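**Q** I'd like to ask you about the structure that follows.
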Amino acid sequence: MQMRLTFIGADHEVTGSCHFLEVGETKVLIDCGMEQGNNVYENAELPVSYSEIDYVFLTHAHIDHAGMLPWIYARGFKGQVIATYATVDLCSIMLKDSAHIQEMEAEWKNRKARRAGRGEVEALYTMKDAEGVLSHFEGVAYGQEFKLNENLTLKFTDVGHLLGSASIEIWAAENGVEKKIVFSGDIGNKNKPLIRDPEYISEADYVVMESTYGNRRHKKGVNHVDGLARIIQETLDRSGNVVIPAFAVGRTQELLYLIRHIKEEKLVTGHDGFEVYVDSPLAVEATHVFKDNLMECYDEETKALVERGINPIDFPGLKLSVTSEESKNINFDMTPKVIISAAGMCDAGRVRHHLKHNLWRPECSIVFAAIRPRVHWDGFCRTARRW
Ligand SMILES: [Zn+2]
């Protein structure tokens, strides 16, 4: 039998990343992602049953790379999921959050179906499935060669996309021939707050690379700190709120890092101790993962802060709200403030409630800080629409 690679997903669209690698008798998936947004192409069927998969190597915790793990667990997967320590920690909150969303969606559809006299649907997967697959995770350190058996060795290299994100180098041997295959995962931009710049891999026989922004250049030298400080200053001066829709994991913590810097450097004046609310249960949990994790993921600047005893994403005035009651109270209190809330695409979550309360008030600002598939909007920008 020959070494074989089959592309299951994300091979002609972004999201739903999943590749199937067979080396001798060993069967491996690289990523197991959920398709998100408009589904133009269906992922291919896996040519074997999920119970036959020995390992999943996970590049990072984003749902479009990890989100179907509970689903394959429900269909018989009982192998091992191997990922960096930070990815394991992030998955432990993100897969449960995703299961919660699946259960809520099914419940909502079933309420409608019952009213219309239609049959009920099942959730794509449940909390039990998420918890089940999480017990199969195994964390590894960056940069260490990890020998699974005589035919398979792997190594995770930091690619600066998300806390814990990695390219995976795989040395696969069969019939005395060894090949090195690299799966890029999502590669981050340079100079992102908090996490390290991407490291590069110098050699491979084959590279499987995903590309979302293949034909675009990132803008150079955008000064996020000054832009954000200016918007906060102007908005608080007008007694308005700054509402920032942001992805709960990654983007929210980058914003906290920038705001901590703005506060420390006193770049906003006349509003001492202004309050910053993080209003999304997932973002709050993810912020705790970032706080605990991990010196091995932080860049030099962030490490230096930690060594000075400074928490890089904490500051006076930071309020992490969790209950929906606390969330509602944010808009009853009229003190001008910054509100960071999920979801980044404004299509779900508590941010919709904050938009409802603030979008119509001319003194308020809505700030988009999204660089994601289909949102090609780099840096900070106040909404054009004010009335
Ligand atoms: Zn990603």
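**Q** Could you calculate the contour length gain from Glu145 to Ser49, that is, 0.36 nm times the residue separation minus the distance between their Cα atoms, to one decimal place in nm?
**A** 31.7 nm
**Q** Expected output is a single nm value to one decimal: the length gained when fully extending between Glu296 and Glu105, i.e. 0.36 nm times separation in residues minus the C-alpha distance. What is it?
**A** Taking 0.36 nm per residue and subtracting the Cα distance, the gain is 65.1 nm.
**Q** Hey, another quick one. Extending each Cα 7 Å along its Cβ direction at Ser324 and Val306, get the distance between those two points in nm, one decimal.
**A** 3.6 nm
**Q** In region 232-308, which trypsin sites (Lys or Arg not before Pro) fall in coil by DSSP and have 11 or fewer other Cβ atoms within 10 Å?
**A** Here the sparse-neighbourhood loop sites are Lys266, Arg308.
**Q** Scan around Phe137 for amide H atoms under 5 Å from its own, H built in the peptide plane at 1.01 Å from N, and keep only partners 5 or more places away or cross-chain.
**A** For Phe137, whose amide H was placed from the backbone, the distant partners under 5 Å are Val81.
**Q** Work out the length of the dipole vector of the chain about its Cα centre, built from +1 on the beta-carbon of each Lys and Arg and -1 on the beta-carbon of each Asp and Glu, and round it to the nearest 20 debye.
**A** Numbers: 44 positive and 56 negative charges, 378 e Å.
The calculated dipole for the chain is roughly 1820 debye.
**Q** Could you tell me whether region 3-208 comes out rounded, prolate or oblate from its Cα gyration tensor? Rule is a ≥ b ≥ c as square roots of the eigenvalues, rounded for a/c under 1.5, then prolate if a/b exceeds b/c, otherwise oblate.
**A** Note, shape of region 3-208 comes out prolate.
**Q** Something else: At most 16 other Cβ atoms within 10 Å and a DSSP loop assignment: could you name the GluC sites (Glu not before Pro) in region 270-327 that fit?
**A** Sparse-neighbourhood loop GluC sites (Glu not before Pro): Glu296.
**Q** Between the DSSP loop rule and a limit of at most 14 other Cβ atoms within 10 Å, which trypsin sites (Lys or Arg not before Pro) in region 180-215 are left?
**A** Here the sparse-neighbourhood loop sites are Lys190.
**Q** In addition: Calculate, in nm to one decimal, what Ser211 and Glu178 gain on full extension: separation in residues at 0.36 nm each, minus their alpha carbon distance. Show your work: numbers first, answer last.
**A** Numbers: separation 33, 0.36 × 33 = 11.88 nm, distance 2.68 nm.
Extra length available between Ser211 and Glu178 comes to 9.2 nm.
**Q** Hey, another quick one. Among Ser167, Ala246, Asn331, which residue has its Cα furthest toward the positive end of the charge dipole of the chain, with +1 on Lys/Arg Cβ and -1 on Asp/Glu Cβ?
**A** Sorting the options by dipole projection puts first Asn331.
**Q** Around Gly24, what is the net charge, scoring Lys/Arg as +1 and Asp/Glu as -1 over all other residues with Cβ under 15 Å from its Cβ?
**A** Net charge around Gly24: -3.
**Q** Count the net charge of all other residues whose Cβ sits under 9 Å from the Cβ of Ala173, scoring Lys and Arg as +1 and Asp and Glu as -1. Walk me through the numbers on the way to the answer.
**A** Working: positive: Lys179; negative: Glu150, Glu174, Glu178.
Residues near Ala173 contribute -2 overall.
**Q** So how far apart, in nm, are the two label points at Asn191 and Ser135 if each is 7 Å from Cα heading toward Cβ?
**A** The answer from the label model is 4.8 nm.
**Q** Taking a 28 Å limit on the Cα-Cα distance, which of the listed pairs Lys109/Lys328; Lys78/Lys109; Lys128/Lys337; Lys192/Lys356; Lys291/Lys337 fall beyond it?
**A** Over 28 Å Cα-Cα: Lys78/Lys109; Lys128/Lys337; Lys192/Lys356.
**Q** For the chain, what is the relative contact order in percent, using Cα pairs closer than 8 Å and at least 6 residues apart in sequence?
**A** That works out to 13 percent.
**Q** With a sphere of radius 12 Å drawn around the Cβ of Val225, what net charge do the other residues whose Cβ falls strictly inside it have (Lys, Arg +1; Asp, Glu -1)? Spell out each step's value before the answer.
**A** On the way: positive: Arg230, Arg260, Lys263; negative: Asp226, Glu254, Glu264, Glu265.
Charge balance in the 12 Å sphere: -1.
**Q** Suppose every K and R has +1 on its Cβ and every D and E has -1 on its Cβ; what is the size of the dipole of region 297-346 about the Cα centre, in Debye to the nearest 20?
**A** 180 debye
**Q** Only bridges with both residues in region 3-208 count here: give the DSSP antiparallel percent, nearest 5.
**A** Antiparallel bridges make up about 70 percent of those DSSP assigns within region 3-208.
**Q** How big is the dipole moment of region 3-208 about its Cα centre under a simple scheme where the beta carbon of each Lys and Arg is +1, that of each Asp and Glu is -1, and everything else is neutral? Debye, nearest 20, please.
**A** Dipole about the Cα centre, nearest 20: 740 debye.
**Q** Amide H of Lys27 versus every other amide H placed in the peptide plane: which residues, excluding those fewer than 5 positions away on the same chain, fall under 5 Å?
**A** Close amide H contacts, sequence-distant or interchain: Asp54, Tyr55.
**Q** Here is a follow-up. Label region 202-315 by shape, choosing from rounded, prolate and oblate, from the square roots a ≥ b ≥ c of the eigenvalues of the Cα gyration tensor; if a/c is under 1.5 it is rounded, and otherwise prolate applies when a/b is larger than b/c, oblate when it is not.
**A** prolate
**Q** For n ≥ 4 DSSP H runs only, could you compute -39500 (n - 2.57) per run for the chain, divide by its residues and tell me the 222 nm figure to the nearest 500? Each step should come with its number before you reach the end.
**A** On the way: 10 runs with 115 residues, N = 387.
Roughly -9000 deg cm²/dmol at 222 nm, from the helical runs in the chain.
**Q** Near the amide H of Val243, under 5 Å away, which other amide H atoms are found, from residues 5 or more places off or on another chain, if H is placed in the peptide plane?
**A** Ile339, Ser365, Ile366, Val367
**Q** How large is the Rg to Rh ratio of the chain when both quantities use alpha carbon positions and Rh follows Kirkwood?
**A** When Rh is taken as the Kirkwood radius, the ratio is 0.99.
**Q** Is the C-alpha gyration tensor of region 74-113 telling us rounded, prolate or oblate? Criteria: a/c under 1.5 is rounded; beyond that, a/b larger than b/c is prolate, otherwise oblate.
**A** It comes out oblate by the Cα gyration axes.
Every number in this text was worked out from the coordinates using simple rules, so none of it is lab data. Small disclaimer: the values here were computed from a predicted structure and weren't measured. Positions of Cβ are backbone-derived with ideal geometry, glycine not excepted, and every protein chain shown enters the neighbour counts.
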